[in-house]
Structures are given as C-alpha cells and as structure tokens.
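The values are calculated or read from the model by the stated rules, or taken from the named source; none is laboratory data. None of the values given here were measured: they were computed from a predicted structure. Reconstructed Cβ throughout: ideal geometry from the backbone, glycine too, with neighbour counts over all protein chains shown.
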Amino acid sequence: MFSPQQILTVFGLTATPHAQVFWAWMALCLALVLHVVDEASTGFLAVYNPTVKALRQKRPWLPLPVFTFAAWLAGLAALVLVLLSLSVFVWHGARWVRPLGYAFAFIMLANGLAHVVGTILGRTVASIRVPRPVPGFYSSPLLLLASIYLLCEL
C-alpha cells in the first residue's frame with residue numbers, strides 16, 4: 001500500500017502542517033458522497049418531502065424546500081464539487097476555510113444524528129411515520145465518524 005506521503009509525491013506535493021485537516025476534510029467529503037448515494041438509492045425524498053410539508057403546516061415561516069429527485073441530486077452534486085474544490089485551500093491552510101470546516105462538520109454531524117434518531121423513533125415528526133431504517137441510515141455512522149474526525153483536526 002502507498003503512504004500518504006508517497007501519494008503526495010506522485011502529484012508533486014509535499015506534506016504541510018495542514019495535511020491532517022486536509023485528510024479529515026476529504027474523509028468527510030467522501031462520507032457525504034456515500035451518504036448521498038445511500039439516500040438516493042433508498043428513497044430519501046419519500047421521507048423528506050412529506051416531513052417538510054408537515055412542518056410547513058405548523059410553521060409556515062420555515063424556509064424548507066420540497067425537491068424533485070433531479071433538483072435534489074443536482075444540488076448535492078454541486079455542493080460536493082464546491083466542497084472538494086475548497087480542499088485546495090484547506091491543504092494550504094487558508095484561515096477563512098476553518099469556519100467553513102466547522103460548519104461543514106457540525107451540519108454533517110446533525111445530519112447523521114437525524115438519520116439515527118429517525119431510525120430509532122420510526123418517525124420524523126409526529127404525523128410522519130417512516131420505514132426503519134430511515135433512508136440514508138446505513139451511511140450515517142460514517143458521516144458521524146468523519147464529522148468528528150474533522151472537528152478534532154480543526
């Protein structure tokens with residue numbers, strides 16, 4: 001197997017003091033990709049959209065969108081591409097990326113926890129029962145671990 005240093009050398013890169021944050025960032029990006037694939041293949045929108053509609057009835061001020069599959073997938077693909085493009089700045093230790101890293105990690109931590117809690121409760125809101133496990137549940141432990149890894153490295 002190749003060490004991270006050998007891989008970097010192939011691409012003409014040298015290790016930086018920010019390499020650990022970079023690897024944690026990349027791990028969370030990969031976990032997010034796997035999570036999107038998990039959600040897409042298990043019918044996540046069949047749970048998400050009814051939940052949003054139920055929440056809007058009680059709290060119409062919540063800015064939660066209802067998605068078509070194509071729009072949802074395209075939006076997540078664009079998000080992943082943006083996060084991956086930011087990895088260059090993470091590698092070089094740009095200070096402005098740190099707050100984004102914390103936000104990314106905390107949002108993905110909350111996302112993973114929501115899938116676990118939804119699976120345990122069998123519902124998203126009181127009126128919406130969901131199949132167990134909730135779509136996206138299988139990748140949520142990886143999302144949780146990668147989020148914690150990034151938080152620790154930041």
Picking from 116, 125, 97, 90, the residue that is closer than 18 Å to residue 52 by Cα and of a type in the set (Val, Ile, Thr) would be 125
Screening 113, 145, 154 for residues that are without any contact (Cβ under 8 Å) to a residue 40 or more places away in the chain and more than 19 Å from residue 41 (Cα to Cα) leaves only 113
Within the range 66-119, restricting to residues that are surrounded by 12 or more Cβ atoms within 10 Å (Cβ to Cβ) and outside any helix (DSSP H, G or I), the one that is modelled with the highest pLDDT is 67
Exception for residue 35 within (1) farther than 23 Å from residue 142 by Cα; (2) at pLDDT 90 or above falls at (1)
